[in-house]
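**Q** Right, I'll just put the structure down here and ask away after.
Every number here is computed from the coordinates shown, using simple stated rules; none is lab data. This is a predicted model, so every value here is computed, not measured. Cβ: placed from backbone, ideal geometry, glycine included. Neighbour counts: every protein chain shown.
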């Protein structure tokens, strides 16, 4: 079971459960064609948003296999909701999880998605005790692939035309990281911090 102590703070972000007040900001992200381009759903219509938001609000903890945790990603300096972070518990037997994320393009290129996705990995490996976490994406989504690579995830598979999405065959790419790799990455980060010069 995972019920994170929220808000989770990073250097520049707060991650917290969704609330009804997030309706307009979430719609502003999900209504965009450039956001939905490589996802399973079309740009959201206003009438869809109550159900979309209610589903995220209901995902406030992970109790069992198959559950997902949804967190609103908010900038600490402005309070703006800039993204939507997901952690799924895929398999209890195999200790497998998956991360997902959707971010507002107007806040892109500043490392917010990477900063938030690092939290998703920590919640999976440290909070749920997972052995392995994956990220799946449309092979054309180069920016998302680069994000997973920045996290230290390995590109493990490229499935050619394995899904029919929005009227076309699409390739899927899978990235992964196992717990020992996560711990090694954390150890390297801690070493870099400890060696940083004191101001």
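**Q** Taking the chain as a Gaussian network, Cα atoms linked when under 10 Å apart, which of 107, 131, 94 shows the biggest mean-square fluctuation?
**A** Among 107, 131, 94, the largest GNM mean-square fluctuation belongs to 94.
**Q** Next question. Compute the separation of the alpha-carbon centres of the stretch 1-20 and the stretch 90-108 and state it in Å as a whole number.
**A** If we compute the Cα centre of each part, the gap is 15 Å.
**Q** Moving on to the next point. Return the single residue from 66, 79, 167 with maximal mean-square fluctuation; model: Gaussian network over the chain, springs between Cα atoms under 10 Å.
**A** 167
**Q** Just from its helices, what would the mean residue ellipticity at 222 nm be for the chain, if runs of 4 or more DSSP H residues each count -39500 (n - 2.57) and the sum is divided by every residue, rounded to the nearest 500 deg cm²/dmol? Walk me through the numbers on the way to the answer.
**A** Values: 6 runs with 59 residues, N = 199.
That comes out to -8500 deg cm²/dmol.
**Q** While we're on this one: For the chain, go through all pairs of different Cα atoms, get the mean of 1/r, take its inverse, and jot down that Kirkwood value in Å. Please report the intermediate quantities before stating the final value.
**A** Numbers: mean 1/r = 0.0567 Å⁻¹.
For the chain, inverting the mean 1/r across all distinct Cα pairs yields 17.6 Å.
**Q** If you don't mind, there's one more thing I want to ask. Give the Debye-formula value of log10 I(q)/I(0) at each listed q (0.11, 0.12, 0.18 Å⁻¹), with one equal scatterer per alpha carbon of the stretch 51-145, two decimals each.
**A** After summing over all Cα pairs, the log10 values are -0.33, -0.39, -0.87.
**Q** Which of these, 136, 188, 75, has the largest mean-square fluctuation under a Gaussian network model of the chain (Cα springs below 10 Å)?
**A** Most flexible of the set in this elastic network: 188.
**Q** What percent do you get for the relative contact order of the chain when only Cα pairs under 8 Å and 6+ apart count? Display every interim value, and only then the final one.
**A** Working: 340 pairs, mean separation 31.8, N = 199.
Normalised by residue count, the contact order of the chain is 16 percent.
**Q** Using r as the Cβ-Cβ distance of residue 37 and residue 162, and R0 as 25 Å, what FRET efficiency do you calculate, to the nearest 0.05? Mind dumping the intermediate values first?
**A** Values: r = 18 Å, r/R0 = 0.73.
Approximately 0.85, to the nearest 0.05.
**Q** So what does log10 I(q)/I(0) come out to for the stretch 126-171 at q = 0.16, 0.32 Å⁻¹, using the Debye formula with one equal point on every Cα and no solvent?
**A** Log10 of I(q)/I(0), two decimals: -0.55, -1.20.
**Q** Taking all pairs of different Cα atoms in the stretch 27-99, averaging 1/r and flipping that mean, what Kirkwood radius in angstroms comes out?
**A** Numbers: mean 1/r = 0.0724 Å⁻¹.
Result for the stretch 27-99, one decimal place: 13.8 Å.
**Q** Remind me, what semi-axes does the stretch 86-132 give for its equivalent ellipsoid, largest first in whole Å, using sqrt of 5 times each Cα gyration tensor eigenvalue? Present the calculation step by step, with values, prior to reporting the outcome.
**A** Numbers: eigenvalues 123, 20, 7 Å².
For the stretch 86-132, the ellipsoid semi-axes come out as 25, 10, 6 Å.
**Q** Roughly what would the spin-label model give for residue 139 and residue 76, points 7 Å off Cα along C-beta, in nm?
**A** 4.0
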